[in-house]
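Here is the structure we will look at.
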Amino acid sequence: MIEIKETDIIAAVETGGHKAFLELFFEEYRKVFADGYTAEAMQSLSFDQHVVHAYDLLIRELDEEGFVGMAQNGYTPYFFGNPFARKFKEFDLVKTGKLMYKAQDIYEANKKDLERDKDEEEFVASFEKYEAFDPIEEEILELQDSEMEKLASYVDEHIEDFAHIIK
């Protein structure tokens, strides 16, 4: 079980607000996957914890290389093989959830090419080939602040589902 100290939560909220609050959870979930997305690591988080981790991973991946890079890095099955888009909506990340459905449609139509091993030249060319992802990526990143605030509220309201809080 993920454990977070109550004093760390208080300090994070006082100094950095909802982003710092979420970062405590993001950091703990990242530690779970420090050695990769093994079966053991995958089973150590609840589905709700996976949703929070997925949001963190999504933002980091989109900020670096977008959905094209996500596919090359092997993360697309984690996102599109799970009902994260639906769960994002349940967590009040409605806009991000809808955008993930759009991205999934593009991905599913091009899955074989997106996931095949590519040399550097082919990889770079993929960004132009799959520019349909661009507006989706941009919108998700633009929504990041408001969606993180909603996610933080959800986690705070259901905190026992996301970590054991040590008094």
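The table for this structure:
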item	result
When residues of the stretch 67-107 are limited to those that are of a type in the set (A, V, I, L, M) and over 12 Å from L151 (Cβ atoms), the one farthest from the chain's Cα centre (by Cα)	I106
I136 being in contact with a Lys or Arg (Cβ under 8 Å, 6 or more places away or on another chain) and not in a helix (DSSP H, G or I)	no
Hits in the stretch 14-27 (condition: open to solvent by 30 Å² or more (accessible area, probe 1.4 Å), closer than 15 Å to D145 by Cα and more than 18 Å from the chain's Cα centre (by Cα))	G16
Where a residue in the stretch 32-44 is free of Cβ contacts under 8 Å to residues at least 12 places away in the same chain and its partner, wherever it lies, is aliphatic (A, V, I, L, M), with Cβ under 8 Å and at least six apart	D35/A41; A41/V32
Subset of the stretch 1-52 [under 13 Å from I165 (Cβ atoms), in contact with a His (Cβ under 6 Å, 6 or more places away or on another chain) and at pLDDT 95 or above]	E3
Residue pairs meeting the criteria (Cβ under 8 Å; at least 6 apart or on separate chains; first within 13 Å of P77 (Cβ to Cβ), in the stretch 104-115; second hydroxyl-bearing (S, T, Y) and surrounded by 13 or more Cβ atoms within 10 Å (Cβ to Cβ))	Y107/T76; K111/T76; L114/T76; L114/Y107; L114/S126; L114/Y130; E115/T76
Tally, over the stretch 32-54, of residues that are open to solvent by 20 Å² or more (accessible area, probe 1.4 Å) and either of a type in the set (S, T, N, Q) or assigned to a helix (DSSP H, G or I) (or both)	10
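The values are calculated or read from the model by the stated rules, or taken from the named source; none is laboratory data. If you're wondering where the values come from, they're calculated on a predicted model, not measured in any experiment. Because the Cβ atoms are built from the backbone with ideal geometry, glycine has one as well, and the counts that use them run over all protein chains shown. Remember, those area values only see protein heavy atoms, side chains included, never the ligands or the DNA or RNA. Shrake-Rupley method; radii C 1.70, N 1.55, O 1.52, S 1.80 Å.
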